[in-house]
Amino acid sequence: MTQHPESTETQAENKQGIIRVEGMHKWYGDFHVLKDLNLAVDQGERIVICGPSGSGKSTFIRCINRLEEHQQGRIIVDDVELTDDVRHIDSVRREVGMVFQHFNLFPHLTVLENCCLSPIWVRKIPRREAEAAAMEYLERVKIPDQATKYPGQLSGGQQQRVAIARALCMKPKIMLFDEPTSALDPEMIKEVLDVMVELAGSGMTMICVTHEMGFAKTVADRVIFMDGGEIVEEAPPNEFFSNPREPRTQQFLQQIL
Ligand code: ADP
Ligand code: MG
């Protein structure tokens, strides 16, 4: 396997608390959606978040790159505290890649253009250099031959791999995944999970909201279970699956396993 730049960096530093969430609360109007969340993620750690629909998983990870704002407590990403300061928000968005359930590719741009847009306009990388780097990432997600196509010409699994490559083109320190396989036909889930497993092996810091429990078992350092806007339980996968402590976790696992 080729050595990727981020793997050498992360292995050298192994920084503690690259993400720190302390006593964080969020409301949508009167609705208290996130309640006293606390989480510290070290560089290179892989976290899986699971929990019933509506438990606040998406809202939580969207707060980590400030797609949503929190009202109380602290979120610190790579030593930058997320506040209203737009300079902080911009710097955090550059370091944090996000992959959504519904790919969110630009339909009017080719695969290669989708991948190069932010490197060129946000990171100010010369086009030729950005394209060369994008081709390397498209190779890494095993679709370099699709570079000149438009998203609508690709399968769901291919589009999601483009979305991952596009996020990686910004050379993020952290990758957030929000149910990246739940909109895919079953036969395409594996090709996306394979890419995520490879990424995990390269030392990337990852937070993945997913109900792919096989993925959680192989890749996660810790599994977090959320319910009703709270972190109910947190444990290494073998402990989480074989010996869940909280009744709500037990009930959830019975439903999905
Ligand atoms: P999950 O990802 O675990 O399914 P979400 O974070 O999407 O949960 O949603 C948590 C709760 O917040 C749900 O009750 C949802 O209806 C509500 N919610 C999500 N987004 C908004 C919003 N923009 N405004 C108001 N309520 C919202
Ligand atoms: Mg969600």
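Any read-out appearing in this document is the output of simple, stated calculations on the displayed coordinates, not a laboratory observation. Because the structure is a prediction, the values reported are computed rather than measured. Ideal geometry is used to build each Cβ from the backbone, glycine not excepted, and the neighbour counts take in all protein chains shown.
Under the convention that each Lys and Arg Cβ holds +1 and each Asp and Glu Cβ holds -1, the size of the dipole of segment 89-198 around its Cα centre is about 480 debye. In segment 42-195, a dipole from Cβ-located charges (positive for Lys and Arg, negative for Asp and Glu) runs towards its positive end, and of Val48, Ile76, Ser91 it is Ser91 whose Cα lies farthest in that direction. Over segment 48-102, the hull volume per residue, using the convex hull of the C-alpha atoms, is 105 Å³. Over the chain, the ratio between the Cα radius of gyration and 2.2 N^0.38 Å evaluates to 0.99. With contributions of -39500 (n - 2.57) from each DSSP H run of at least four residues, the per-residue ellipticity at 222 nm computed over the chain stands at -12000 deg cm²/dmol. If you fit an axis through the alpha-carbon atoms of helix 86-95 and take the longest principal axis of the Cα set of the chain, what angle between them do you get, 0 to 90°, nearest 10? Orientation of helix 86-95: about 80 degrees from the principal axis. Taking the DSSP beta bridges with both ends in the chain, the antiparallel portion is around 55 percent. Round to the nearest 10 and give me the degree value, 0 to 90, for the angle of helix 127-140's Cα axis relative to the longest principal axis of the chain. The helix 127-140 is inclined about 60 degrees to the chain. Charging the Cβ of each Asp and Glu at -1 and of each Lys and Arg at +1, and nothing else, the dipole of the chain about its Cα centre rounds to 460 debye.
Can you pull the percent of Cα pairs in segment 110-170 with separation above 17 Å? For segment 110-170, the fraction of Cα-Cα distances above 17 Å is 26 percent.
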